[in-house]
Amino acid sequence: MSMSLNCRQFSRIASISVALFVLILSSHTPLALAGSPAPPVVIVNPSVDVDFFSDGDLWAIFGVHYRAWPDGSAVKVFVLPDKHPVHRSFAIKRLHTYPYQLKRVWKRLAFSGTGRAPYIVKDQQEMLLKVSSTPGAIGYVDADFDTGESHVLIVTP
Amino acid sequence: MSLSSPHKQRLRCLSLGILTLAGSSTATAIEVSDQLSVHGFVSQSYVHTAGNNYFGDSQDGSFDYRELGINAYWQPTADLSFAGQLLSRSAGNLSDGDPRIDYLLADYSIGKNPDLWGGVRLGRFKTPYGFYNQTRDIPHARLGVIAAPSVYFEQLRDTLLATDGLNLYAGSVNSWGTLELDMFAGKAKGGVAELEYFALQTDAPGEFDSIDVWGAQIRYEPIGGQTRFAFSIYEPDLQYLPGSPDPFEPGTVESTAYLLSAQYNAERWSLTTEYSRMENDLAGFGPRFPSKEGVSEAWYLQGEYHLSSEWTLMLRYEEQYLDTADRKGTRLYEPVFGIAHLAFSKGIAAGVRWIPAPDWVIKGELHHTDGTLWLPKQDNKSIAEREKVWNFFALQFVYSF
């Protein structure tokens, strides 16, 4: 294949790519914050003997930097899916970060052998179920979410 | 590129295994038990280049770039964990797809409060270097089809990937943010032809069979990681074992690489820059290759724009110089090799990443490059046939769980 043909092909590919960019730019969906205006609340399994989390503590826990509670039991981190509005709200309001950054941190953990990425639950019902039934578990739900009779502790900031 | 048939069979088994596992999973990891989780990925790329080859005979369009990986993480107790990853990478003449152990380690951590933690890793661990070295082979963790080729150049790739030895780590979170430190020492992979091109400009008869390394990385980020900083040191000592016959004598390359990394993350965009400076001391290769000291340099500036949680655009400018004493290559390199452009690369890259579903990523990328320093040499063995200005286009499909 001759060089000139390759270059022509290249400009064609380039112009298609630019057209694609423009198309995406004109049709993208906005990043919206939904749910309660109050920050989501942290919930823990009753086995966890901690009644206060600073911003730094939460960043260390959800960044999977530290693995054991003060009593020595394993920290089990539960999170909602990347696109869940409560996850987004928790990331921004409690962790002072964005979902895309958390995803980056967790991928690095999961694929470099340096830690365990959080367990992903599909919705808040499952979050409540898992956190209440797993010793050492920590998660979060919307401030307005009814935790009912579940055995979880709500930790207010 | 052709593969031997037992080899192909192995690959087929690995991919089949991954697909079987993938079929049984939802969008995320496989939780074998409370303590054991399994992740994996498959990527296939199409590469089309003009001027030079990049991963196979890519000037005619090549599918010869694919990655397969599967890993397990087992944490029997809160402070003890074991992790391993098996990886197969096919990349033109550079990687033949042979499954290899990417990492296999035991990790013992201490510290039961978030203010201060630490631990030790023993075995084969991913070498902490810059923001991206540990995940450069993980297609869905990379923003682009390939990692920035200036700082993460192919020639040093295999050496940098992992270290067999000891890794001590420590960290602390406070109201001012997170401070982390990694220190490590051990052995790195030898016998890499691409490395011979970097040091000697040719695939020499012998090889760098023994590579001792040590290094450190310090990282800082305020809570939330809006800004991130890292400083890495990496020091490989390479021993050359001559073949027979061999124009080169058993020389050594002693290098020290410094890498500064910085990132700013906003809601919709990120800006990343990394600058590396590598001091190289080559000695003892005999009369055919006079001893020399030089400084290699590389840097890039990359912008990402998040249109939505599915779409990201990327734009990057980057440069790499083999020897800062001769950035154009005309003084030290052209008289010896007949061309100057093997001493530098300057390039611009634009890309788009689409996440159509949580477990799928599709990426497209265009590069325009002046100079052949970061060009994979095993795909372009003839110095005379390498084109100074060349283009790269790639599409990549990734499935991960």
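No value in this document is a laboratory result; all are computed from the given coordinates. Remember, it's a predicted structure, so these values are computed and weren't measured experimentally. So basically every Cβ, Gly included, is an ideal-geometry build from the backbone, and we count neighbours across all protein chains shown.
Some notes on this structure:
- Evaluated at q = 0.08, 0.12 Å⁻¹, a Debye calculation over the C-alpha positions of chain B (equal weights, vacuum) places log10 I(q)/I(0) at -0.44, -1.04.
- Pairwise centroid distance, computed over Cα atoms, of the range B:248-321 with the range B:102-170, Å: 16
- In this simple spin-label model, placing a label point 7 Å from the Cα along the Cα-to-Cβ direction at both residue A:54 and residue B:262 gives a separation of 2.7 nm.
- P(r) weight above 16 Å for the range B:256-335, C-alpha pairs, percent: 65
- Mean Cβ count within 10 Å, highest first, over the residues of peptides B:132-138, B:324-330, B:201-207: B:132-138, B:201-207, B:324-330
- Residues with amide H under 5 Å from that of residue B:211, placed H, sequence gap 5 or more: B:188
- 10 Å Cβ neighbours from other chains, averaged over peptide A:52-60: 6
- Database remark: amide H of residue B:227 closer than 5 angstrom to the amide H of B:265 (H placed geometrically; neighbours at sequence offset of 5 or more, or on other chains; Pro and chain starts carry no H).
- Stokes-Einstein, applied to the Kirkwood radius of the protein assembly as shown over Cα pairs at a viscosity of 0.692 mPa s and 37 °C, places its translational diffusion at 133 µm² s⁻¹.
- Kyte-Doolittle mean at least -0.5, axial Cα span of 15 Å or more - DSSP H helices of chain B: B:5-23
- Signed unit charges on C-beta, dipole axis of the range A:41-155, positive-most listed residue A:128, A:150, A:113: A:113
- Sorted largest first, the principal axis extents computed over the alpha-carbon atoms of the range A:41-155 equal 39, 33, 24 Å.
- Placing +1 on each Lys and Arg Cβ and -1 on each Asp and Glu Cβ, with no other charges, gives the range A:73-126 a dipole about its Cα centre of roughly 200 debye.
- 23 Å Cα-Cα threshold exceeded, pairs from A:107/B:126; B:189/B:377; B:292/B:328; A:76/B:187; B:126/B:377: A:76/B:187; B:126/B:377
- Cα gyration tensor, the range B:23-171 - rounded (a/c under 1.5), prolate or oblate: prolate
- Remark: mean inter-chain Cβ contacts per residue of A:65-74 equal 6, using a 10 Å Cβ-Cβ cutoff to other protein chain atoms.
- Among the residues of B:70-82, the average count of other protein chain beta-carbon atoms within 10 Å of the residue beta-carbon is 4.
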